[in-house]
Amino acid sequence: MNRVIPLQSAAAACDSQDRAILKERGQREVFCGLTGIIWLHRKIQDAFFLVVGSRTCAHLVQSAAGVMIFAEPRFATAIIDDHDLAGLADANEELDRVVDQLLTRRPDIKMLFLVGSCPSEVIKLDLSRAAERLSKTYTPRVRILNYSGSGIETTFTQGEDACLAALAKEIPRHAQDHPAQREVDLLIVGCLADVVEDQFSRIFNELGIESYAFFPPRRSGDIPCLGPNTRYLLVQPFLTETARVLDDMGAKRIPAPFPLGVEGTEGWFAAAAKAFGIDPNHVEKVIAPKRQRANLALERQRQVLNGRSIFFFPDSQLEIPLARFLHRELGMQLTEIGMPYIHRQHLAEELALLPAEVSLSEGQDVEKQLDRCRNYRPDMVVCGLGLANPLEAEGMTTKWSIELVFTPIQGFDQAADLAELFARPLVRRTKFAA
């Protein structure tokens, strides 16, 4: 029997359009986009992220990343202090001075991101012009780009989207004009842990897809080249702006569920294989042993999670793919799934796999959502750090959604690890109660 998930792009799109979604606007409880630097600086190994912001920005990034200063991290903050706020210094001259000091001391930096934040003095500073001005001085030794990590945006994962959108504009088109770059048929878009990238590479090779590249690359000089027939596959559901840039450049998105859990990973690879005309029997031959091994590994967590109810507050933008995995593969009962923003086209295949009766909400009015959560009284709540402790104090079991972005969770071999992240808090609470 062919276990490849039938992709239902047209039907799925129709279903997602018909599904009722509660839209809310009010107080939000999310991190800002600067948080993305924590995993981006590990991914692009010769890039540096210079936040232009306040001491609060510096404390956030430094404490969240947990890297000692003497370890020569690849991020820092150019702090806007009282001298700048009083208008006693030219902010552009100050920024140029800091960048010069940095690039003189760190010749290993090949790409510099100027990252905006939300203090009013930073918003007034035109970082795109600053990046353009500094590029004239440091190109080709260092490529300088900019993006906003402001907390005024919707949620923290938009930091990765904004960074990759800025980087995507640097992707060259047509190899004949850029002989140093490799033209690819398939671009895999979104940050993945190196171990997951290596696993995915092996599967693509087994499937017979040889012309592919991951974006962002591990080295800034390895940016691939888009050809006239390049297609791209998203690994994260929050890359709206990056996808728009690639669409404008002529690349075609492959509709697919996201590679979370066994079913999502299988559907993701099947969508790529279908786009390149690979025989479904060959796809099944490659995927079957990996699916079987991953399903066996899920059995222990299934015994813990089956029948338990779960509520999602909007935070990471991963909520819908995670809910699909927990419901369909582990038997959890969904109450409400909140997302900061629902992109109906990118999530069409995911929405089609959710039960019709589940409540979906977009945006946030946190007080109303807390009331609904208390009424449901779920076995587990997925939320941001700011809500977790108060809900734990009310006797609820919580899971920090930001942990799901830091951890390698995509792919067959990580499905059990992903399930374990949800099973562990329930097991811990049971032991405390005993």
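The values are calculated or read from the model by the stated rules, or taken from the named source; none is laboratory data. Only a predicted model underlies this, so the values are computations on that prediction, with no experimental measurement involved. We place every Cβ from the backbone using ideal geometry, glycine too, and count neighbours over all the protein chains shown. When the accessible area is computed, the model is the full protein with side chains, heavy atoms only, and any ligands, DNA or RNA have been set aside. Shrake-Rupley method; radii C 1.70, N 1.55, O 1.52, S 1.80 Å.
Out of region 337-359, which residues are assigned to a strand (DSSP E or B) and surrounded by fewer than 22 Cβ atoms within 10 Å (Cβ to Cβ)?
Within region 337-359, the first condition is being assigned to a strand (DSSP E or B), and the residues that meet it are 337-339, 359.
Within region 337-359, S359 is the sole residue that qualifies.
Residues are listed down the side, and each one gets a yes or a no for (1) in contact (Cβ under 8 Å) with a residue 24 or more places away in the chain; (2) among the basic types (K, R):
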position: H346; (1), (2): yes, no
position: L353; (1), (2): yes, no
position: E357; (1), (2): no, no
position: D379; (1), (2): yes, no
position: G395; (1), (2): no, no
position: K399; (1), (2): yes, yes
position: L404; (1), (2): yes, no
Hits in region 159-182 (condition: modelled with pLDDT of 85 or more and of a type outside the set (A, V, I, L, M, F, W, C))
G159, E160, D161, K169, E170, P172
Checklist (1) within 15 Å of the chain's Cα centre (by Cα); (2) of a type in the set (V, I, T); (3) modelled with pLDDT under 90 applied to T430, failing item:
(1)
D371 vs. criteria surrounded by fewer than 17 Cβ atoms within 10 Å (Cβ to Cβ) and not in a strand (DSSP E or B)
yes
Boolean, A58 is modelled with pLDDT under 90, surrounded by 16 or more Cβ atoms within 10 Å (Cβ to Cβ) and more than 24 Å from L318 (Cβ to Cβ):
yes
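Tell me the residue from S120, S135 that is at pLDDT below 90 and hydroxyl-bearing (S, T, Y), please.
Numbers: S135 fails: at pLDDT below 90.
Result: S120 is the single residue among S120, S135 that is at pLDDT below 90 and hydroxyl-bearing (S, T, Y).
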Are any residues in region 201-218 more than 15 Å from W39 (Cα to Cα), surrounded by 14 or more Cβ atoms within 10 Å (Cβ to Cβ), free of Cβ contacts under 8 Å to residues at least 60 places away in the same chain and not polar (S, T, N, Q), and if so, which ones?
Y212, A213, F214
Name the pairs: first residue in region 138-157 and of a type outside the set (S, T, N, Q), second residue open to solvent by 50 Å² or more (accessible area, probe 1.4 Å) and assigned to a loop (DSSP other than H, G, I, E, B), Cβ to Cβ under 6 Å, at least 6 apart or on different chains?
G151/C118; I152/C118; F156/F31
Condition first: surrounded by fewer than 22 Cβ atoms within 10 Å (Cβ to Cβ) and under 21 Å from G221 (Cβ atoms). Now tell me which residues in region 146-173 satisfy that.
A165, A166, K169, E170, I171, P172, R173
Can you find even one residue in region 268-280 that is farther than 25 Å from C32 by Cα, modelled with pLDDT under 95, surrounded by fewer than 21 Cβ atoms within 10 Å (Cβ to Cβ) and among the hydrophobic types (A, V, I, L, M, F, W, C)?
no
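May I ask you to list the residues in region 378-434 that are part of a loop (DSSP other than H, G, I, E, B), of a type in the set (A, V, I, L, M) and either more than 24 Å from R300 (Cβ to Cβ) or open to solvent by less than 60 Å² (accessible area, probe 1.4 Å) (or both)?
Residues satisfying the conditions are M396, I402, I409.
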V262 versus (1) aliphatic (A, V, I, L, M); (2) closer than 25 Å to I409 by Cα; (3) surrounded by fewer than 22 Cβ atoms within 10 Å (Cβ to Cβ): which is the lone unmet condition?
(3)
Within region 72-99, the count of residues that are part of a helix (DSSP H, G or I), open to solvent by less than 60 Å² (accessible area, probe 1.4 Å) and modelled with pLDDT under 80 comes to 2
Determine whether region 219-233 contains at least one residue that is farther than 16 Å from R173 by Cα, at pLDDT below 95 and surrounded by fewer than 20 Cβ atoms within 10 Å (Cβ to Cβ).
yes
Among (1) open to solvent by 10 Å² or more (accessible area, probe 1.4 Å); (2) modelled with pLDDT under 60, where does Q27 come up short?
(2)
Let me confirm something: among Q301, Q292, Q333, which residue is surrounded by fewer than 20 Cβ atoms within 10 Å (Cβ to Cβ), more than 27 Å from E206 (Cα to Cα) and not aromatic (F, W, Y)?
Q333
